[in-house]
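Visitor: The structure is given below, and queries will be raised subsequently.
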Amino acid sequence: MENLFADCNLCPRRCGADRTSGRTGFCRMPDYPLVNLIKLHFGEEPVISGRNGSGTVFFEGCSLGCVYCQNYTISRGPTGRGTRMDEQSLAEAYLRLQEQGAHNINLVTPMHFAPVVAGSVALAKDSGLTVPVAVNCSGYDLVPTLKLFDGLVDIYMPDMKYFSPKYSSEYSHAPDYFQVCCSAIDEMVRQTGDIVLGDDGLIKKGVIVRHLILPGGLFDSKHIIDYLTSRYGNRIFISLMSQYTPMPSCTGRLKERPSERSCGILADYLASAGQTNAFIQEYESSGKEMIPDFLT
Ligand code: SF4
């Protein structure tokens, strides 16, 4: 079977790095998953976290690399504190989270390890994993890589961060972000179908698209709301997040939080589009409080 790490084109960076020989690409990650933290997490949308929490696995590294990343301590390369895992050990971790009462398994930023992670989900499902499996990702994802998860993932939680190439270039070095993200979300919706909620009110299948409101990004955010509501309407959840918190390295307008007024305008805009499957985060929510205690 082809080793997809050998000439790595797993994400839109298409570095072609031979990760099997110790080389790395933009994501700076080896050819095996590094996991920083595994925990029951309560900071997601209510349909994910529920009462018991979401069984969350935080992978190190990221192929998008936003300059304002709130998880920057683990997203910018190996921390040296992560645990090397394989299909078997990941599957066992998911089963332990299920035993602890997790409502779902929540795989955070796994795409640069997709072949192993997909294998681990298949193994876990064969070994008794029954709770839904969610992939939580940047939206800067390639369709062929997403297809590795087809039939294995029940819920996708992609970001849709930018409409304008100006912002996606400046903040994430990804001028093609919007086009890539549109194709990725189409594929995710194709895989999961429309939202399915259980009797417990928690999501069992479907897509939750998250949009983090950035300072000064009002018009970009409106374009994204327009796009998502016109293309999918209530087939998906839209989660509008106002938790943006400047990180120490942020410069320019990224040093400020988005204003409460602009967050309110966007919440009204989303409601006026007729979107009832929506989450609107409280303005008081702080990104710092949402950051787990990563090993760094
Ligand atoms: S997953 Fe990493 S090495 Fe592979 S193409 Fe993307 S950034 Fe490059």
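Visitor: So what J values fall out for the stretch 129-139 if you push phi through Karplus, 6.51 cos²θ - 1.76 cosθ + 1.60 with θ = phi - 60°, rounded to Hz, Gly and Pro as x?
Guide: Here the 3J(HN,Hα) series is 6, 10, 6, x, 10, 10, 10, 10, 9, 7, x Hz.
Visitor: List the lysines whose Cα sits under 28 Å from the Cα of Lys161, skipping any in the same chain fewer than 8 residues away.
Guide: Within the straight-line limit of under 28 Å, Lys161 reaches these lysines: Lys39, Lys147, Lys204, Lys205, Lys222, Lys255, Lys288.
Visitor: Now for a different question. Compute the Cα gyration tensor for the stretch 203-296, then decide on rounded, prolate or oblate, letting a ≥ b ≥ c be the square roots of its eigenvalues: rounded whenever a/c is under 1.5, prolate when a/b is larger than b/c in the other cases, and oblate in all that remain. Before the final figure, lay out the partial values.
Guide: On the way: a/c = 2.23, a/b = 1.41, b/c = 1.59.
Oblate, because a/c is 1.5 or more while a/b does not exceed b/c.
Visitor: Using DSSP, restrict attention to beta bridges with both residues in the chain and report what percent are antiparallel, rounded to the nearest 5.
Guide: Details: 11 of 34 bridges.
In the chain, DSSP labels about 30 percent of beta bridges as antiparallel.
Visitor: Hey, what D do you get for the stretch 1-154 in µm²/s if you plug the Kirkwood alpha-carbon radius into Stokes-Einstein at 25 °C and 0.890 mPa s? Can you show the working numbers first?
Guide: Values: Rh = 15.6 Å.
Rounded, D is 157 µm²/s.
Visitor: Moving on. So what's the back-of-envelope 222 nm ellipticity for the chain, counting only DSSP H runs of four-plus at -39500 (n - 2.57) apiece and dividing by all residues, rounded to 500? Display every interim value, and only then the final one.
Guide: Values: 10 runs with 94 residues, N = 296.
Result for the chain: -9000 deg cm²/dmol, rounded to the nearest 500.
Visitor: Okay, next question. Output the Cα-based Rg and Dmax of the chain in Å, rounding Rg to one decimal and Dmax to a whole number.
Guide: Just the Cα atoms of the chain yield Rg and Dmax of 18.0, 54 Å.
Visitor: In Å, what is the Rg of the alpha-carbon atoms in the stretch 83-166, and how long is Dmax?
Guide: That works out to 13.4, 46 Å for Rg and Dmax.
Visitor: To continue, here is another question. If you average the sequence gap of Cα pairs under 8 Å that are 6 or more apart and divide by the length of the stretch 19-290, what percent do you get for the contact order? It would help to have the intermediate numbers written out before the result.
Guide: Working: 532 pairs, mean separation 40.7, N = 272.
Once divided by the residue count of the stretch 19-290, the mean separation gives 15 percent.
The numbers here are math on the coordinates, done by the rules we state, and not lab data. Model, not experiment: these values are computed from the prediction.
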